[in-house]
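Participant: Can you read through this structure? Questions will come right after.
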Amino acid sequence: MLFGHSISTTTDDDPLHFILVKHDNNQTEWDITIAACRLLFYVAIMTFLLMIVALIVKLLKSFDEEDSSPASGQVRVATETNRLLPKEVVQFSYGTCEGEDDDEESGKCSSNASGDLYDGKICVICYDQQRNCFFIPCGHCATCHICAKRIVELESKTCPVCRRYIHKVRKLFIP
């Protein structure tokens, strides 16, 4: 296209022919309009995505501020994510002899091992160690971690209390 005119050149000696065709100006206007709309659409999509990212960052920041200690004068509301175990440590002595005056070697122990078992203190499998783990999904806490691992890895993989299938064993860390 040369200045919007069509040119045709032919000679008898030259077998090469050049034909230029005049294009319609409406077509180029449509091309420019479509390109502008496309650009506007891309800018709108990018703005929308940036707004979503900004909202996500704002939410993450607000959750981070909730986890920090409350300012003076504010009362913290109890939620489901509070600690399972109390903050204060209660000392337990496990086994058959619990008193300081009792002599383990003489056999003058006053405590009963079955009482500890029913109080939820010792393992229901080995009767030797503290109950310090629980089963997932049932949540029963009836064994020590060693016995629980043995049940899950070697034996039937069922809870000794309810006989449900055990997916995992989690250890309780008692401070």
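Participant: Would you call Leu16 surrounded by 10 or more Cβ atoms within 10 Å (Cβ to Cβ) and at pLDDT 60 or above?
Facilitator: Criteria not met by Leu16.
Participant: What are the residues in the range 120-137 that are within 22 Å of the chain's Cα centre (by Cα) and either surrounded by fewer than 16 Cβ atoms within 10 Å (Cβ to Cβ) or more than 16 Å from Ile166 (Cβ to Cβ) (or both), if any?
Facilitator: Ile136, Pro137
The values are calculated or read from the model by the stated rules, or taken from the named source; none is laboratory data. Please read all numbers here as calculations on a predicted model, not as lab measurements. No Cβ is skipped: glycine too gets one built from the backbone with ideal geometry, and neighbour counts run over all protein chains shown.
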